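Written below as structure tokens is the structure these notes are about.
The values are calculated or read from the model by the stated rules, or taken from the named source; none is laboratory data. Everything numeric here is computed off the predicted structure, so don't read it as measured data. Quick reminder, even Gly has a Cβ in these numbers, built from the backbone with ideal geometry, and neighbours come from all protein chains shown.
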Amino acid sequence: MIYESFTYESNFETYKLSNGIELFFFPQKNNKKISFNTFFNVGVRDEEKKHSGISHFLEHMMFRGSKNYPDFKRLATAFEKYAGDWNASTGYETTDYSFSGLYTKNSHNIVDLFYDFLFYPQFEGIEKERQIVLREIEDDLNHLGHLIDSDHQALKLLWPSSTLSRPITGTKDSIESLSFDDLAFYYKSFYVSSNMLLTLSGPDEAKDWIPKIDEKFSLLEEMKTITRKKEILPNFVGPKVSLIEHPDNQYQVHMIFPCQNEWDQDYPVYSILDSLLSDGYMSRLSYRIREEKGLVYDIDSSVCSYNDSGTFSIYSSTETSMFHLFLPELLKILSNLSKNKITDEELERAKVRSLMRLSTLTYDKESYMHYVARSYFIKKDPKLDLLCDKIKNMTKNQIMSCAERLFVKRNCGLVMIGPKDKGARGYALNMIEKYL
């Protein structure tokens, strides 16, 4: 078997700083690139509704200046002196601040700067940054004021009253209402030692950063986060179809099925299903709908994971005149996965491609560090060995059984973004009822 030759270098070293903060070091042999990340266990799912978007707005405000570099220009100049990338990202459950560049003899000096940046923000220029975030929000709206991000609309369809239904950037009203005191309280509540993880990747010599990191980050007092309310997502009952009006001659289609997250026993099966459906030109969706029928330019599937749930999505765009041909073909392929026998060749190909993605993850240290951080915050084992073994030993019956549970009408949501058509939504519901 081809996939038996895959290996997974998923090892990392664990260090504990003097004040208890954990640091994971990811060795990169024969690679001079170094990446230093600080993950905070906070995101959109920790926000009050009236403060929607505060995690993302706070991330923006962190760049406005620090104690020793009290404005954006001086702070940016200090970071860019090291000729690396200084960045941040906000998600539903974590926020990440990072610096990456080339390892050099004196590159560990970035630790002082990074610490000053993270723990002495000045929050200057709040009105200027507010306008920048408002422009970002407007960029995702069409001229009708509709948010045309299909990922957001799909989550909103599944769990309309949950934090997952909110845009990461917030809304115009929520951003306009946020005050300096709101940001300061949120920062003090969640940017604390008990709510963070440090990761460092680079050549073995980069370990000389660790004493410097300990010296600086051990200055943080041991503080706990505020008590959080645990959100329980309601059970989705489908089928449901949402049509978002957008002037175009195509429908942007996002079909979504709630599923388990990446630490669940079913997750390896989702990976195989993803490969069977859309990984490569010979996958079922790509070959049938694109190559044989010519109904779309591209079609893709993906699995997304959250702390307590997951989603299996299928994305494509098709001309409005082709939609009545496209949708039945898509639904028949999904329905047949639990009925049609998977060939040995097809299974071998799906396993190889699934394992290739996992193998790539361990070499792409940025992605792997994010996976490890998510696992750390919910106290799960991030090792990939078990996941890989499950994929290698996956049987056809396991795959078909999972497809039978996953791709059913009561578990199906469909978002269509395109021209207004009174009959399109009803047609889509009828097709889902007929084929799933």
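Just to be sure, is TRP86 without any contact (Cβ under 8 Å) to a residue 60 or more places away in the chain, assigned by TED's automatic domain parsing to the domain that holds ILE210, of a type outside the set (Gly, Ala, Ser) and surrounded by 16 or more Cβ atoms within 10 Å (Cβ to Cβ)?
Details: without any contact (Cβ under 8 Å) to a residue 60 or more places away in the chain: yes; assigned by TED's automatic domain parsing to the domain that holds ILE210: yes; of a type outside the set (Gly, Ala, Ser): yes; surrounded by 16 or more Cβ atoms within 10 Å (Cβ to Cβ): yes.
Yes.
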Of (1) among the polar types (S, T, N, Q); (2) out of contact with any strand residue (DSSP E or B) (no Cβ under 8 Å at 6 or more places or on another chain); (3) surrounded by 14 or more Cβ atoms within 10 Å (Cβ to Cβ), ASN235 satisfies every one except (3)
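Taking segment 329-351 as the region of interest, how many residues are outside any helix (DSSP H, G or I) and either among the polar types (S, T, N, Q) or over 24 Å from VAL296 (Cβ atoms) (or both)? Even if it seems obvious, please write down each step before you answer.
Looking only at segment 329-351, we keep the residues that are outside any helix (DSSP H, G or I), and these are 337-343.
With either among the polar types (S, T, N, Q) or over 24 Å from VAL296 (Cβ atoms) (or both) added as a condition, the list becomes 338, 340-341, 343.
Summing the residues that are outside any helix (DSSP H, G or I) and either among the polar types (S, T, N, Q) or over 24 Å from VAL296 (Cβ atoms) (or both) in segment 329-351 gives 4.
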Between ASP71, ASP140, ASP96, which is of a type in the set (Asp, Glu), touching an Asp or Glu at 6+ places or on another chain (Cβ under 6 Å) and not assigned by TED's automatic domain parsing to the domain that holds TYR371?
ASP140
Collect the residues in segment 278-328 that are in contact with a Cys (Cβ under 6 Å, 6 or more places away or on another chain) and of a type in the set (Val, Ile, Thr), keeping them in residue-number order.
THR311
Go through (1) among the hydroxyl-bearing types (Ser, Thr, Tyr); (2) modelled with pLDDT under 90; (3) under 30 Å from GLN250 (Cα atoms) one by one and return the number of the condition TYR435 breaks.
(2)
Across segment 167-213, what is the number of residues that are in a helix (DSSP H, G or I), closer than 28 Å to ARG135 by Cβ and either small (Gly, Ala, Ser) or touching a residue at least 40 places away in the same chain (Cβ under 8 Å) (or both)?
12
Quickly run through segment 199-230 and pick out the residues that are among the acidic types (Asp, Glu) and surrounded by fewer than 15 Cβ atoms within 10 Å (Cβ to Cβ).
ASP204, GLU205, ASP208, GLU215, GLU221, GLU222
Test set (1) within 24 Å of the chain's Cα centre (by Cα); (2) surrounded by 14 or more Cβ atoms within 10 Å (Cβ to Cβ); (3) within 19 Å of LEU414 (Cα to Cα); (4) not hydroxyl-bearing (Ser, Thr, Tyr) - ASP298 fails condition number
(2)
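Considering only segment 347-394, how many residues are among the charged types (D, E, K, R) and buried (at least 18 other Cβ atoms within 10 Å of the Cβ)? Reasoning before the result, please.
Going through segment 347-394, the residues among the charged types (D, E, K, R) turn out to be 348-349, 351, 353, 357, 364-366, 374, 379-381, 383, 385, 389-390, 392.
Remaining after also requiring buried (at least 18 other Cβ atoms within 10 Å of the Cβ): 349, 351, 353, 365, 374.
Looking only at that region, the number is 5.
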Which helices (runs of 4 or more DSSP H) sit wholly inside segment 19-132 and have at least 2 residues that are of a type in the set (D, E, K, R)?
72-80, 110-119
